[in-house]
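Below is one structure; the comments refer to it alone.
The values are calculated or read from the model by the stated rules, or taken from the named source; none is laboratory data. What you see is a predicted model; the values in this text were computed from it and never measured. Glycine also receives a Cβ, built like all others from the backbone with ideal geometry; neighbour counts cover every protein chain displayed.
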Amino acid sequence: MGYLIEEMFLSHFDQTMQLWRTSDGVHLKSVDSRETIGRFLKRNSGLSYVAIENNKVIGAVLCSHDGRIGFLTHLAVDPDYRRQGIGRSLVGRCLYALMGIGISQCALMLFEEDQNALNFFKTIALSGRVEMLMMKKLE
Ligand SMILES: CC(C)(COP(=O)(O)OP(=O)(O)OC[C@H]1O[C@@H](n2cnc3c(N)ncnc32)[C@H](O)[C@@H]1OP(=O)(O)O)[C@@H](O)C(=O)NCCC(=O)NCCS
């Protein structure tokens with residue numbers, strides 16, 4: 001069976017957190033608790049997605065907006081399922097959902113050392129609809 005992209009709900013939290021914890025390039029913070037992610041999903045309903053195969057979360061992304069521009073964060077695909085287009089599909093679904101509420105631009109923050117993520121976003125390009133904001137860790 002192939003994977004499905006579905007809206008993320010709090011019921012996906014445990015598996016999604018497990019995926020994020022083991023993904024370089026996802027920078028979890030103490031604010032990433034069940035309670036705050038639940039609040040995030042409620043405030044930004046219909047914008048965040050998971051990729052599911054055989055009841056297992058194999059990809060996830062959080063998406064929000066400020067009424068003007070969208071924000072993508074916490075994108076991750078299980079290493080066993082990478083380079084199959086799942087990351088591209090997840091980002092595509094977020095952009096589509098943002099378009100549905102009249103938002104055509106999206107931004108995301110990347111640390112300079114996250115070269116894989118940088119290459120991924122440069123490749124998928126998405127007609128300039130995703131702006132990458134580069135961050136540097138202070139010593
Ligand atoms: C970045 C990430 C989400 C990509 O997911 P993915 O499902 O493997 O990506 P896709 O298969 O949709 O890739 C689409 C295209 O992007 C490019 N790409 C993907 N990963 C790449 C990498 N590591 N290096 C260079 N190019 C890459 C490829 O051109 C790929 O197409 P191709 O396989 O036909 O050549 C995944 O590598 C990941 O979870 N990384 C760790 C977490 C992370 O860095 N997240 C970003 C934080 S915002």
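Computed values, structure above
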item: Residues being within 15 Å of the ligand (Cβ to nearest atom) and more than 13 Å from the chain's Cα centre (by Cα) - total across the stretch 97-126; result: 13
item: Selected residue [under 27 Å from ARG43 (Cα atoms), more than 7 Å from the ligand (Cβ to nearest atom) and part of a helix (DSSP H, G or I)] from ARG68, ARG93, ARG88; result: ARG93
item: So SER64, is it in contact with a strand residue (DSSP E or B) (Cβ under 7 Å, 6 or more places away or on another chain), polar (S, T, N, Q), at pLDDT 95 or above and under 26 Å from LYS137 (Cβ atoms); result: yes
item: Test: residue in the stretch 23-39 that is in a helix (DSSP H, G or I) and in contact with a strand residue (DSSP E or B) (Cβ under 7 Å, 6 or more places away or on another chain); result: no
item: Pairs with Cβ under 9 Å, 6+ apart, first in the stretch 67-93 and within 16 Å of VAL130 (Cβ to Cβ), second of a type in the set (Asp, Glu) and more than 8 Å from the ligand (Cβ to nearest atom); result: ILE69/GLU131; HIS74/ASP32; ARG93/GLU7
item: Selection from the stretch 74-85 of residues that are near the ligand (Cβ under 6 Å from one of its atoms) and not hydrophobic (A, V, I, L, M, F, W, C); result: ARG82, ARG83, GLN84, GLY85
